[in-house]
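Peer 1: Supplied in structure tokens, the structure appears directly below.
Where a number appears in this text, it was derived from the coordinates with a stated rule and is not lab data. On a predicted model such as this, the values are computed, not experimentally measured, just so you know. Quick reminder, even Gly has a Cβ in these numbers, built from the backbone with ideal geometry, and neighbours come from all protein chains shown.
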Amino acid sequence: MSQIIKKIILLIILLGLAGGAFYYYKKRTTLQPEQLYRLQEITQGDVAQSVSANGTLNPVTLISVGAQVSGRVSKLYVDFNDHVEKGQILLELDDALFTSQIAQSEGNVRNMQASVELAQANEARIRSLFAQEYVSKQELDQAVQALKSARAQLDTAHGQLRRDKTNQSYSVIRSPVSGVVVDRVVDVGQTVAASFQTPTLIKIAQDLSKMQIDSSFAEADIGKIKVGQKAKFSVDAFQNRNFDGLVKQLRLNPTITTNVVTYDVVISVDNPEQILLPGMTAYVNIMVAKHDNVLLAPNAALRFRPKQDESQTAKATLTEGPSQSQRGGKKKAGQEDLSSGKVYVIRDGKLSPIRVSVGISDGRFTEITSDDLKINDKVIVGENQANSEAPSSSTMRFRMF
């Protein structure tokens, strides 16, 4: 029995030593709240809110030069990137067919002219005979009518001749404006068919020093955009450089793709160096609001929620069922909305939630208003990684054997 008693006493001593060691270890390793969470200060400064979208750079005026007549391209005078002046010849179509039509029309004109001269002589002769009462009034009227018909046919022949000459002039394609050739879709020897619609042969940008961006903004952002607002954009060709623009137009025609509604916003751009080229993709940012000298909180602080708060929220959601918005009902008075938020601070060694009014945000910081916060106050932006990975001391248990 004495051996058993000794073993029990030894076991009790060992358990006491283990308990004391555990108590000492727990006391030494218990972290303060300031060590459990990552903190960041409330600052004061300026904040600007912007909306962004992608767009395409285009010339303000892009002229598509076409052909009104069909024919084979016989001469081509311009190429890509050539500067042209208004009225300058761009290309010529083969005019052999038009030349032959003009010759035929000129022959018709001469034939009709001869018919008019014959009808005039016949009308004069019949009128003289009628004065001498050798012919009837009906024969005189027929002679007058024949003269009028011959003159009408002569006018028709003249009109046909003018039309053929006009078609021949259309075989010479001239530039309607001064500018730069940005596209050419024909070559010498190619046949142009203008039977059903005017084909596009050459595209001319009138002035590349003035360009515009056609960008698509979501309907959620379009209400914040106004004509005259400043815009900044970048292009892949000059990644380390920002360019300035100005909102010129909000087009009312929406574009609907898979139930997503977007609106075309036109932004005017000065391009004095002409380094911005048509077709470049522009990444546009439009500043829609700016507030100066306001309290700023990190966005991470507004997103942070303690685990206990998250679990309680989840339980409340399961207990209460779907939210008012999910049920399709209207928001009740006093219900939390997007204009308010909550941040957490450490006071008296404990986490304390503080309700704040939320203003505009630049993606990193958000404007806040609160009577309980001031500059340099520290708010929680997340948990320390070491703490989040370590097992919780409250869950540690000893198993007695």
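Peer 1: Which residues' amide hydrogens lie under 5 Å from the amide hydrogen of residue 178, considering only partners 5 or more residues apart or on another chain, with H built in the peptide plane?
Peer 2: Sorted by chain and number, the residues that satisfy this are 86.
Peer 1: Taking 25 °C and 0.890 mPa s as the conditions, I'd like the Stokes-Einstein D for the range 57-133 in µm²/s, using the Kirkwood hydrodynamic radius from alpha carbon pairs.
Peer 2: On the way: Rh = 18.0 Å.
For the chosen part, D equals 136 µm²/s.
Peer 1: Please give the Cα centre distance for the range 116-133 versus the range 79-94, rounded to the nearest Å.
Peer 2: That distance is 57 Å.
Peer 1: On to the next question. Give, as ranges by residue number, the residues of the range 60-90 whose backbone N falls under 13 Å from the point 7 Å along Cα→Cβ of residue 166.
Peer 2: Taking a point 7 Å out along Cα→Cβ of residue 166, the residues of the range 60-90 whose backbone N falls under 13 Å are 68-69.
Peer 1: Also, I was wondering about something else. Determine one quarter of the surface area of the Cα convex hull of the range 96-169, which equals its mean projected area, and express it in nm² to one decimal. Can you show the working numbers first?
Peer 2: Values: hull surface 18.4 nm².
With every direction weighted equally, the projected area is 4.6 nm².
Peer 1: Moving on. Holding the Cα-Cα limit at 26 Å, pick out from 210/290; 307/350; 226/342; 226/290; 232/378 the pairs that are longer than that. Don't skip to the answer; put the middle values down first.
Peer 2: On the way: 210/290 28 Å; 307/350 14 Å; 226/342 32 Å; 226/290 14 Å; 232/378 34 Å.
Pairs exceeding 26 Å: 210/290; 226/342; 232/378.
Peer 1: So, one more: Can you classify the range 199-295 as rounded, prolate or oblate using the Cα gyration tensor, where a ≥ b ≥ c are the square roots of its eigenvalues, rounded means a/c under 1.5, and otherwise it's prolate if a/b beats b/c and oblate if not?
Peer 2: Values: a/c = 2.07, a/b = 1.25, b/c = 1.66.
It is oblate, given that a/c is not under 1.5 and a/b is not larger than b/c.
Peer 1: Summing Lys, Arg as +1 and Asp, Glu as -1, what charge do residues with Cβ under 14 Å from the Cβ of residue 116 carry, residue 116 excluded?
Peer 2: Values: positive: 110, 148, 151; negative: 117, 123, 155.
Taking every other residue near residue 116 into account, the sum is 0.
Peer 1: Calculate, in nm to one decimal, what residue 100 and residue 218 gain on full extension: separation in residues at 0.36 nm each, minus their alpha carbon distance. Let's see the in-between values first.
Peer 2: On the way: separation 118, 0.36 × 118 = 42.48 nm, distance 5.89 nm.
Difference between extended and current length: 36.6 nm.
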